[in-house]
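Asker: After the structure tokens below, expect a handful of questions from me.
A short reminder: the numbers here are calculations on the coordinates, not readings from a lab. Everything quoted here is computed from the prediction, not taken from an experiment. We place every Cβ from the backbone using ideal geometry, glycine too, and count neighbours over all the protein chains shown.
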Amino acid sequence: MSVTTEDVKEGKLNDQLESQLESISARVEANVEKGRNALADLKAEAGQRCREMASATNEFVRDRPWEVVGIAVGIGLVIGLLCARR
């Protein structure tokens, strides 16, 4: 943008700056809205994945309770051995 002394004298500078500011403001608002929409989509997808994983875990535990107990005992044993070494 080139500014001449005539532009300043005639008040065109303020009009040009106001126009540019409005343009920038509109672009920023559009980008913020895009970001909000993307975040909402990610939140919904993450919630759906969590529900699916919780359902799968619940089904696994209900179908194989003794395997789950064995896994828990094994993990507890490993943690206990690691803590005892320190």
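Asker: For helix 65-85, what angle does its Cα long axis make with the longest principal axis of the chain, in degrees from 0 to 90 and rounded to 10?
Answerer: 80 degrees
Asker: While we're looking at this one, here's another question. At 37 °C and 0.692 mPa s, what whole-number value in µm²/s does Stokes-Einstein give for the translational diffusion of the range 31-70, with Rh from the Kirkwood sum over Cα pairs? Each step should come with its number before you reach the end.
Answerer: On the way: Rh = 12.1 Å.
So the translational diffusion coefficient is about 270 µm²/s.
Asker: Another question about this same structure. Over the Cα atoms of the range 5-85, compute the convex hull volume and normalise it per residue, giving Å³.
Answerer: Per-residue hull volume (Cα only) is 118 Å³.
Asker: Using a simple spin-label model with points 7 Å from Cα along the Cα→Cβ vector, what separation in nm is obtained for Arg64 and Arg36?
Answerer: Spacing of the two 7 Å Cα→Cβ label points: 4.6 nm.
Asker: Something else about it: Taking the Cα atoms only, what angle lies between the long axis of helix 12-63 and the longest principal axis of the chain, rounded to 10 degrees?
Answerer: 10 degrees
Asker: Something else about it: Compute the distance in nm between two label points, each set 7 Å from the Cα along the Cα-to-Cβ direction, one at Val73 and one at Ile24.
Answerer: 6.9 nm
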